[in-house]
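The values are calculated or read from the model by the stated rules, or taken from the named source; none is laboratory data. These numbers were taken from a predicted model, which means no experiment stands behind them. Neighbour counts are summed over all protein chains in view; Cβ atoms, including those assigned to glycine, are modelled from backbone coordinates with ideal geometry.
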Amino acid sequence: MKIYFFSRPLPSHTASNLRQVVDTAERLGVELIVNKELAELMNRLCGVTFASEQTFTTLPPMSDAEESVMVSYGGDGTFLEAVRRLAGNQIPLVGVNCGHLGFLSSTPTQNVEQALAEIVAGDYVIEKRSMLEITGDFPVRPPFPYAFNEFSIQRQDTSMIYVDTYAGEQMVARYAGDGVIVSTPSGSTAYSLSVGGPIISPDCNCFTISPIAPHNLTMRPLVVPDSTELKFVLSSQSPAATVSLDNCIYQVPNGAEFRVCKAKKSVFVARFQNISFFDTLRNKLMWGVDPREK
């Protein structure tokens, strides 16, 4: 079995934690393949050396028969980068959290040894998560034109922007304010949540359109079927605005137009059977916790 282990060189990484990953993989008899940035960090902190065939930048195309799992070791930002490094391969992706909140990377970092053991034992369930596919007036075509969490259009300076929004051939609204977010169910606990969007169970077949600081206070988030193709046309007094695909940001000209639809590709998130989406909500958002109780 191959475990593709991805992490960014985070300050929280220590020699002991990284050494634990290597030792656990050896004990379990799995082939550990790490991204090149992490290989360099492990070599510097732990003295571990990886051959070129034991490292990757993005995953090569692989057959469905290959028994492989990818592990994201970090926070949710690392998880989103891991989705891009998957390069469309349909293998399970596990998130181990050593960041902050960690909705996507829900497994605690102190359980990394247990997580690897459960991966080898196959003690997990796989959830098929949808992505957005975005086309439009990018200055340069994105190498990965997909978003796992959200696609957003935002003002670049102090001028308000206008985003004409269409669902299919029907106009939804002209959003005036700081911008608009289109979120997948997986992304409903990310940027969309911070602007007042609803939390959506990841198995729902829908997208959420949420205005950012709307000028008209009656504007509210809207949930649409994920079979809908969305169109956005930007207009502003400023010469440019910004768009983001998850945490990849591009500057776009005034008048830019974008189309968003459900991607044909999916991401297969592996979840350990003792951690559900609702467990994560209760634990991360402290639902039901009385602050008066010590």
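Among SER210, SER238, which is crowded, with 21+ Cβ neighbours inside 10 Å and of a type in the set (S, T, N, Q)? Give the derivation first.
Values: SER238 fails: crowded, with 21+ Cβ neighbours inside 10 Å.
Going through SER210, SER238 in turn, the sole match is SER210.
Can you name every one of the strands (runs of 3 or more DSSP E) wholly within region 146-200 that holds 3 or more residues which are touching a Lys or Arg at 6+ places or on another chain (Cβ under 8 Å) and at pLDDT 95 or above? Give the steps one after another, and end with the answer.
Values: elements: 150-155, 161-167, 170-177, 179-183.
Filter on region 146-200 gives 161-167.
Determine whether PHE50 is closer than 15 Å to ALA82 by Cβ and surrounded by 13 or more Cβ atoms within 10 Å (Cβ to Cβ). Give the derivation first.
Numbers: closer than 15 Å to ALA82 by Cβ: no; surrounded by 13 or more Cβ atoms within 10 Å (Cβ to Cβ): yes.
So PHE50 does not fit the description; no.
Output yes when any residue across region 242-254 is among the small types (Gly, Ala, Ser), farther than 24 Å from THR78 by Cβ and in contact (Cβ under 8 Å) with a residue 12 or more places away in the chain, and no when none is.
Filtering region 242-254 down to residues among the small types (Gly, Ala, Ser) leaves 244.
Filter again for farther than 24 Å from THR78 by Cβ, leaving none.
So far as region 242-254 goes, no, none of its residues is among the small types (Gly, Ala, Ser), farther than 24 Å from THR78 by Cβ and in contact (Cβ under 8 Å) with a residue 12 or more places away in the chain.
Is it fair to say LEU45 is within 20 Å of the chain's Cα centre (by Cα), not small (Gly, Ala, Ser) and not in a strand (DSSP E or B)?
Values: within 20 Å of the chain's Cα centre (by Cα): no; not small (Gly, Ala, Ser): yes; not in a strand (DSSP E or B): yes.
No.
For residues that are in a strand (DSSP E or B) and either without any contact (Cβ under 8 Å) to a residue 24 or more places away in the chain or surrounded by fewer than 13 Cβ atoms within 10 Å (Cβ to Cβ) (or both), tally how many sit in region 213-230.
To start, the set of residues in region 213-230 that are in a strand (DSSP E or B) comprises 222-225, 230.
Then drop every residue that is not either without any contact (Cβ under 8 Å) to a residue 24 or more places away in the chain or surrounded by fewer than 13 Cβ atoms within 10 Å (Cβ to Cβ) (or both), which leaves 225.
Residues flagged as in a strand (DSSP E or B) and either without any contact (Cβ under 8 Å) to a residue 24 or more places away in the chain or surrounded by fewer than 13 Cβ atoms within 10 Å (Cβ to Cβ) (or both) within region 213-230 amount to 1.
Restricting attention to region 10-42, report how many residues are over 22 Å from the mean Cα position of the chain (by Cα), under 17 Å from GLY74 (Cβ atoms) and in a loop (DSSP other than H, G, I, E, B).
Counting residues in region 10-42 that are over 22 Å from the mean Cα position of the chain (by Cα), under 17 Å from GLY74 (Cβ atoms) and in a loop (DSSP other than H, G, I, E, B) gives 1.
Could you look through region 274-288, keep only residues that are in a loop (DSSP other than H, G, I, E, B) and free of Cβ contacts under 8 Å to residues at least 12 places away in the same chain, and pick out the one that is farthest from ILE200 (Cα to Cα)?
Filtering region 274-288 for residues in a loop (DSSP other than H, G, I, E, B) gives 274-276, 286-288.
Still in the running and free of Cβ contacts under 8 Å to residues at least 12 places away in the same chain: 274, 276, 286-288.
Working: ASN274: 20, SER276: 14, MET286: 17, TRP287: 16, GLY288: 19 Å.
Among residues in region 274-288 that are in a loop (DSSP other than H, G, I, E, B) and free of Cβ contacts under 8 Å to residues at least 12 places away in the same chain, the one farthest from ILE200 (Cα to Cα) is ASN274.
If we keep just the residues of region 59-88 that are in contact with a Pro (Cβ under 9 Å, 6 or more places away or on another chain) and over 16 Å from ILE119 (Cβ atoms), which is modelled with the highest pLDDT? Break it down stepwise before answering.
If we filter region 59-88 for residues that are in contact with a Pro (Cβ under 9 Å, 6 or more places away or on another chain), which is where we start, we get 68-70, 84, 87-88.
If we keep only those that are over 16 Å from ILE119 (Cβ atoms) too, we end up with 84, 87-88.
On the way: ARG84: 95, ALA87: 89, GLY88: 88.
Per the stated criteria, the residue is ARG84.
Looking only at residues in region 96-114 that are surrounded by fewer than 23 Cβ atoms within 10 Å (Cβ to Cβ) and among the small types (Gly, Ala, Ser), which one is modelled with the lowest pLDDT?
Per the stated criteria, the residue is GLY99.
Output the residue which, of all residues in region 242-265 that are in a strand (DSSP E or B) and among the polar types (S, T, N, Q), is farthest from the chain's Cα centre (by Cα).
So, considering only residues that are in a strand (DSSP E or B) and among the polar types (S, T, N, Q), the one farthest from the chain's Cα centre (by Cα) is GLN251.
Quick one: is CYS248 over 28 Å from VAL96 (Cβ atoms) and of a type outside the set (Ser, Thr, Tyr)?
Numbers: over 28 Å from VAL96 (Cβ atoms): no; of a type outside the set (Ser, Thr, Tyr): yes.
It is false that CYS248 is over 28 Å from VAL96 (Cβ atoms) and of a type outside the set (Ser, Thr, Tyr).
Pick out the one residue from VAL267, VAL233 that is touching a Phe, Trp or Tyr at 6+ places or on another chain (Cβ under 7 Å), crowded, with 17+ Cβ neighbours inside 10 Å and aliphatic (A, V, I, L, M). Outline the logic, then answer.
Numbers: VAL233 fails: touching a Phe, Trp or Tyr at 6+ places or on another chain (Cβ under 7 Å).
Matching residue, one of VAL267, VAL233: VAL267.
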